[in-house]
Amino acid sequence: MNNARHIYELLLDHANSNSVVEAVNIGLVWTVCKAGHCGLAMSPQLATRTLSWSGTLVGKSLRELSVWINEWEAYQATVGMAAINAAIIAKNPLPAGITLPAGNLAVFDHFLPQLQSKKVVVIGRYPHIERYSDQIDLKIIERQPTANDYPDAACEFLLADADWVFLTATSLINKTFPRLAELAQHANTVLMGPTTPWLPELVDFGIDYLAGVEVIDAKKLQQTVAEGGGVRIFETGVRYRVLDLSL
């Protein structure tokens, strides 16, 4: 397994693009960067009125925005990740994989038969994921935990014993990916969510499956994001795809 910190070098290597940014939309839940193709990332769940660079991003290159993935300020890092995904999609054909039915929980439905009698840890709370609680041994780690979630620190205790780990790709933005990938290296690990970069090389960082999205309607996606859409994007603009990196 490669040093997980090098993931950011890999991302920037694939985002070395002079394509001009046409639009950046930071919605309530998702951020979209459009430069011919749309790249997605999950927006910070932090309210702010002081983004000093607002109104200056259109016309910059994807390369210029992509380097923001190294920033610790949450909005900059999010824009950087969205720009990286736009660049990856533009430069590389979408890898072959399985297209899943519409829905924000489609990934869990897909893997459910393999999760029976297994210890399953999900990093990040997905809306309505609790419906699986009576079907599998499920533990959820969340940065802003609800009553039934485990806090961030629980990863140090739960991941070592997990058979399956579903790791939100937002961990790339908040810089928790290196440690989480290290802790999950003995589990079947699925990197998932619209933030997921379509890079098969992630197998070298302990990732067994990519469960990202394919944009099927860029116009509707941008509209849904701009109108505050969360899981609604899975009904209007994107579909989940799963890629087995062992094949």
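Residues checked against (1) surrounded by 12 or more Cβ atoms within 10 Å (Cβ to Cβ); (2) of a type in the set (D, E, K, R); (3) farther than 23 Å from Val29 by Cα:
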| residue | (1), (2), (3) |
| --- | --- |
| Gly103 | yes, no, no |
| Lys118 | yes, yes, yes |
| Gly124 | yes, no, no |
| His128 | yes, no, no |
| Ser133 | yes, no, yes |
| Asp137 | yes, yes, yes |
| Glu142 | yes, yes, no |
| Ala147 | no, no, no |
| Tyr150 | yes, no, no |
Can you name the residue in the range 35-68 that is in contact with a helix residue (DSSP H, G or I) (Cβ under 7 Å, 6 or more places away or on another chain) and part of a strand (DSSP E or B) and is also surrounded by the fewest Cβ atoms within 10 Å (Cβ to Cβ) among such residues? His37
Which condition breaks for Gln144 when tested against (1) polar (S, T, N, Q); (2) touching a residue at least 40 places away in the same chain (Cβ under 8 Å); (3) in the same structural domain as Ala23 (by TED's automatic domain parsing)? (3)
Assigned by TED's automatic domain parsing to the domain that holds Tyr126, in a loop (DSSP other than H, G, I, E, B) and either out of contact with any strand residue (DSSP E or B) (no Cβ under 9 Å at 6 or more places or on another chain) or in contact (Cβ under 8 Å) with a residue 12 or more places away in the chain (or both), is that true of Ala181? no
Just name the residue that is farthest from the chain's Cα centre (by Cα) out of those in the range 174-192 that are of a type in the set (Gly, Ala, Ser) and surrounded by 23 or more Cβ atoms within 10 Å (Cβ to Cβ). Ala184
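The values are calculated or read from the model by the stated rules, or taken from the named source; none is laboratory data. No experiment lies behind these values; they were computed from the predicted model shown. Cβ: placed from backbone, ideal geometry, glycine included. Neighbour counts: every protein chain shown.
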